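FYI, it's all coordinate maths here, none of it is from the lab. These figures come from a predicted structure and were not determined experimentally. Every residue, glycine among them, receives a Cβ derived from its backbone with ideal geometry; neighbour counts consider all protein chains shown.
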Amino acid sequence: MTELHAVLLVAVTSAVTILLRFLPFAVFSGNRKTPAYVTYLGKVLPYAIMGMLVVFCLKGVSAPYGIPEAIACVLVILLHVWKRNTLISILGGTVCYMVLVQMVF
Amino acid sequence: MTTETKSDLRRALTATLPVLTGYVVLGMGFGVILQSRGYGILWALAMSVFIYAGSMQYVAIDLLTGGASLFAAALTTLAVNARHLFYGISMVDKYRQMKPKPFLIFTLTDETYSLVCSDAGMEGIHNRNLYFFCVSLFNYLYWITGSAIGNLLGAVLPFSTEGIDFALTALFLTVFVEQWLSTKNHISALVGVLASVLCLVFAGPENFLIPAMLLITLALTLLRKQALPPEQPQTEEDPVPVEHPLSEEQPVSTVPADNPTEGGGRHD
């Protein structure tokens with residue numbers, strides 16, 4: 001691959017990413033009122049997207065080796081329901097996961 | 001600097017700590033691999049500064065070394081990053097008056113989105129614009145710094161970081177649980193999980209995101225009457241006895257240990 005082609009490839013990847021990020025804002029910009037349907041999606045999507053992102057993160061996990069993920073996820077949920085402290089939940093879950101994958105499994 | 005400003009900055013720093021962990025480690029991983037394929041620091045910086053999309057940058061390494069065509073690169077980016085359309089759609093109103101808007105939009109990654117998308121956990125922020133800007137900026141800097149360190153120094157951390165990237169999974173899961181606990185209407189959350197799992201089963205891990213997004217949009221469109229969060233004034237005819245989400249349950253005594261994902265999910 002030539003240097004120029006590599007530069008262009010990075011530029012294209014950047015441009016498409018930027019396009020995807022700006023498109024919704026460009027379509028619903030200015031002083032026009034946002035359509036009610038989009039306002040509605042804006043209100044409900046965060047809940048659905050977080051669910052989607054959790055699945056996205058766990059997508060590579062297959063049944064027998066999903067045990068560390070399952071244990072760590074349950075711990076995160078329990079810690080958060082109990083303490084409602086984001087840092088404690090994330091730290092607890094991550095340390096637990098690291099111990100499990102490095103020492104147990 | 002006023003005490004309010006300081007307090008908002010501190011809140012932004014605390015909120016982004018999990019992202020700091022995840023981004024520095026994943027950014028370093030990216031930098032290390034890029035270096036091993038013969039691309040030095042300028043490449044690492046250029047990609048992290050101008051693309052700034054974690055999973056796409058990992059994919060881009062393969063595109064670079066595999067000699068992909070520009071057209072293939074564009075299509076791959078569309079497929080991998082299409083979920084950013086979702087983030088934009090749900091932030092259109094929130095970012096309408098925010099400045100600097102182009103920067104906020106450019107830096108809207110999965111992790112930044114998870115920190116700015118919901119009002120859960122935003123109590124006590126004095127200046128939301130400042131807070132959103134700092135969260136976006138800090139995350140951006142963590143990622144760039146991580147990829148630069150990895151590219152220049154290799155894997156320098158003195159302990160095994162295997163599994164540390166779970167911090168980002170834990171971040172999304174925590175936001176999901178926080179949102180679940182602070183609303184009584186779980187239709188949208190359930191739609192997100194069920195549609196994603198369904199598409200994962202049928203389309204496979206590499207291709208499930210776009211079908212999942214379409215299915216979520218379709219389901220939420222059909223469930224428009226049911227899915228609106230109860231914070232909306234329209235639902236006032238259904239009186240909610242407890243005003244503050246934190247007082248919804250006495251957390252210590254009623255941890256639903258048997259089935260945590262269903263905890264608090266009962267509609268009453």
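In the structure shown, the pairs A:Lys43/B:Lys99; B:Lys184/B:Lys225; A:Lys33/B:Lys94; A:Lys43/B:Lys101; A:Lys43/B:Lys225; A:Lys83/B:Lys225 are assessed against 24 Å; a Cα-Cα span above that value is assigned to A:Lys83/B:Lys225.
When the helices of the protein assembly as shown are scored as -39500 (n - 2.57) per DSSP H run of n ≥ 4 and the total is divided over every residue, the value at 222 nm lands at -21500 deg cm²/dmol.
For A:Val27 and B:Val49, the FRET efficiency from 1/(1 + (r/R0)^6), where r spans their Cβ atoms and R0 equals 25 Å, is about 0.45. The chymotrypsin sites (Phe, Trp or Tyr not before Pro) of the stretch B:150-180 meeting both criteria, a DSSP state outside H, G, I, E and B (loop) and at most 16 other C-beta atoms within 10 angstrom of the site's C-beta, are B:Phe159.
What does the charge dipole of chain A about its Cα centre add up to, to the nearest 20 debye, if the Cβ of each Lys and Arg holds +1 and the Cβ of each Asp and Glu holds -1? So the dipole magnitude of chain A works out to roughly 540 debye.
Among the trypsin sites (Lys or Arg not before Pro) in the stretch B:76-133, those placed in a DSSP loop whose Cβ has at most 14 other Cβ atoms within 10 Å are B:Arg96. Set against the 2.2 N^0.38 Å expectation for a compact globular protein, the protein assembly as shown has a Cα radius of gyration ratio of 0.99.
Once you list every other residue whose beta carbon is under 13 Å from the beta carbon of A:Ser29, what net charge do they have if Lys and Arg are +1 and Asp and Glu are -1? Surrounding charge for A:Ser29 is +3. As a rough footprinting exposure proxy, the listed residues A:Leu100, B:Leu214, B:Leu115, B:Leu173 were ranked by other beta carbons within 10 Å of their own, and the order from fewest upward is B:Leu214, A:Leu100, B:Leu115, B:Leu173. Mean silhouette area of the stretch B:3-161, derived from the convex hull of its C-alpha atoms and averaged over all directions, reads 10.5 nm².
Basic side chains Lys and Arg get +1 at the Cβ, acidic Asp and Glu get -1 at the Cβ, and with that the dipole of the protein assembly as shown about its Cα centre reaches some 940 debye.
Exposure proxy shown here: for A:Val38, A:Val7, the number of other Cβ atoms within 10 Å sets the order, fewest to most, as A:Val7, A:Val38. Across the stretch A:1-91, Cα-Cα pairs more than 14 Å apart make up 81 percent of the total. Shown is the FRET efficiency for B:Met122 and A:Ala36, computed with R0 = 25 Å from the Cβ-Cβ distance and rounded to the nearest 0.05: 0.55. The simple Förster model, with R0 at 25 Å and r as the Cβ-Cβ distance, assigns B:Ile210 and B:Lys94 a FRET efficiency of 0.55. Ordered by the count of other Cβ atoms within 10 Å of each Cβ, fewest first, B:Thr76, A:Thr86 give B:Thr76, A:Thr86. Projecting the Cα atoms of A:Thr86, A:Ile18, A:Thr39 onto the charge dipole of chain A (Cβ charges, centred on the Cα centre) puts A:Thr39 farthest toward the positive pole. Placing a label point 7 Å from the Cα of B:Thr5 along the Cα-to-Cβ line, the residues of the stretch B:98-137 whose backbone N sits under 20 Å from it are B:98-101, B:104, B:124-137.
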